[in-house]
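Encoded as structure tokens, the structure appears first; notes follow it.
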Amino acid sequence: MNNFEYYTPTKVVFGKGTELETGALIQGYGCKKVLVHYGGGSVKRSGLLDRICQSLESSGIAYITLGGVVPNPHLSLVYEGIELCKKEGVDFILAVGGGSVIDSAKAIGYGVTNPGDVWDFYEKKREAEACLPVGTVLTIAAAGSEMSDSSVITKEDGWIKRGYSSNFSRPKFSVMNPELTMTLPEYQTMSGCVDIMMHTMERYLNRVDNMELTDGISEHLIRTVMKNAQILLNEPKNYEARAEVMWAGSLSHNGLTGCGTDGGDWATHQIEHELGGMFDVAHGAGLAAVWGSWARYVVSERPERFAQFAINIMGVEASGSDMETALKGIEAMENFYRSVNMPTSLKELGVEPTEDQLKEMAEKCSYWGKRTIGCVKVLDGEDIYRIYQDAK
């Protein structure tokens, strides 16, 4: 077991109708003006944006709005938000939406409070020294950004997708009403479930002897999401299932499932980021499409850990060697993905990259040969390219 720090300062307000408390929550921070940041028209059509704005008005809080966030949020809108906040004297950002909106809000918060180009942080050229306070009203259970220190942004020039993490950007509060996720299309719901599971699996599949307690939390969290994803296929308005998945999304990425580990592998995420940057695919679906190829490529480095995954999470009976059990576990997870209509290959994802595109993604993922990824097996650009090939 490794030493660890666990820091989760975000206040969670969970349950039906909790979005109506937003104004009162922000009031406690003494802010003068709020940027309400959101994505497309769904928050308008549902009436959620109106309810949020009415809550702010009732609390005497001035606000401006900025919509237009897309999946795999764009740097250009971040720049627009930074300039708008500076011009209007914004001192608090409220993200109303899912992970993309929250990530965009965090990036804007960095850009307002730090000099220079905010993209420097995502390219790891320097560290942020502050961030505007951010609050969230969550509408999609997936990314876990509502409690995490993470933000992922796509730069349109070259379609480069990069992440940055800093405790400065952890939301001050997150409002979580599972009812707000009931109108999501099935594909988004299932993609979100995969993302939640992967945040836990990235930490679980590592190279250290974990704490038994952390393993148990991770195993139960993944099984809980799998169970409730199956329920939501047939009962999309099942409140209890929505609530289980929403809370699992927050716990999967607030650091809890990484306590005592080496931080996890994260290669699957890095590999998918290039898919998202180049083809603008749904993040969770992209993860499902490449995970099996990654797992088979690295399993020989840690067969005993993958065997534990197979037995304790996928319900596989131990048989023969650890490697045999591990491979059955990988197959079982891919079968689960198929059962919730998620892809297990790039073709099923709906993209068929050329060889040049595969090589370009591998080069970008390895920072043109300047970095390696992963810890179960350390992967260089050639390894990443082979995984993309296997995933076709």
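Quick look at the numbers
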{"quantity": "Total residues in region 129-146, condition open to solvent by 10 Å² or more (accessible area, probe 1.4 Å) and over 20 Å from residue 272 (Cβ atoms)", "calculated": "6"}
{"quantity": "Positions within region 366-388 being more than 26 Å from residue 331 (Cα to Cα) and open to solvent by less than 70 Å² (accessible area, probe 1.4 Å), in sequence order", "calculated": "366, 367, 369, 371"}
{"quantity": "The one condition in (1) closer than 17 Å to residue 142 by Cβ; (2) of a type outside the set (A, V, I, L, M); (3) open to solvent by less than 10 Å² (accessible area, probe 1.4 Å) that residue 244 fails to fulfil", "calculated": "(3)"}
{"quantity": "Count of residues meeting criterion [farther than 20 Å from residue 233 by Cα, touching a residue at least 60 places away in the same chain (Cβ under 8 Å) and open to solvent by 60 Å² or more (accessible area, probe 1.4 Å)] in region 309-362", "calculated": "3"}
{"quantity": "Residue in region 301-308 that is surrounded by fewer than 15 Cβ atoms within 10 Å (Cβ to Cβ) and either touching a Phe, Trp or Tyr at 6+ places or on another chain (Cβ under 8 Å) or not assigned by the TED database to the domain that holds residue 125 (or both) present", "calculated": "yes"}
{"quantity": "Contacts under 9 angstrom Cβ, first residue in region 39-64 being of a type in the set (Phe, Trp, Tyr), partner part of a loop (DSSP other than H, G, I, E, B), 6 or more apart", "calculated": "63/90"}
{"quantity": "Inter-residue pairs, beta-carbon under 8 Å, first basic (Lys, Arg) and in region 84-98, second assigned to a helix (DSSP H, G or I), 6+ apart", "calculated": "86/112"}
{"quantity": "Those strands (runs of 3 or more DSSP E) lying entirely in region 121-231 with at least 3 residues in contact with a Leu (Cβ under 9 Å, 6 or more places away or on another chain)", "calculated": "134-138, 150-155, 173-176"}
{"quantity": "Helices (runs of 4 or more DSSP H) lying entirely in region 281-392 (those with 1 or more residues that are touching a Ser or Thr at 6+ places or on another chain (Cβ under 7 Å) and farther than 21 Å from residue 209 by Cα)", "calculated": "283-298, 322-339, 381-391"}
{"quantity": "Matching residues in region 19-41 - criterion: being assigned to a helix (DSSP H, G or I) and surrounded by fewer than 20 Cβ atoms within 10 Å (Cβ to Cβ)", "calculated": "20, 21, 24, 27"}
{"quantity": "Filter result (within 17 Å of the chain's Cα centre (by Cα) and either of a type in the set (Gly, Ala, Ser) or open to solvent by less than 10 Å² (accessible area, probe 1.4 Å) (or both)) within region 206-226", "calculated": "218, 222, 225"}
{"quantity": "Tabulated pairs, region 107-135, first basic (Lys, Arg), second surrounded by fewer than 20 Cβ atoms within 10 Å (Cβ to Cβ), C-beta under 8 angstrom, 6+ apart or interchain", "calculated": "126/116; 126/120"}
{"quantity": "Conditions (1) surrounded by 24 or more Cβ atoms within 10 Å (Cβ to Cβ); (2) touching a Lys or Arg at 6+ places or on another chain (Cβ under 9 Å); (3) in a helix (DSSP H, G or I); number of the one not met by residue 105", "calculated": "(2)"}
{"quantity": "Residues that are buried (at least 20 other Cβ atoms within 10 Å of the Cβ), assigned to a helix (DSSP H, G or I) and out of contact with any strand residue (DSSP E or B) (no Cβ under 6 Å at 6 or more places or on another chain), drawn from region 109-118", "calculated": "110, 111, 112"}
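The values are calculated or read from the model by the stated rules, or taken from the named source; none is laboratory data. Note that the coordinates shown come from a computational prediction; the quantities given were computed from them, not determined experimentally. A quick note on method: Cβ atoms are made from the backbone with ideal geometry, for glycine too, and the neighbour counts reach across all protein chains shown. We work out accessible area using only protein heavy atoms, side chains counted, and drop any ligands, DNA or RNA first. Shrake-Rupley method; radii C 1.70, N 1.55, O 1.52, S 1.80 Å.
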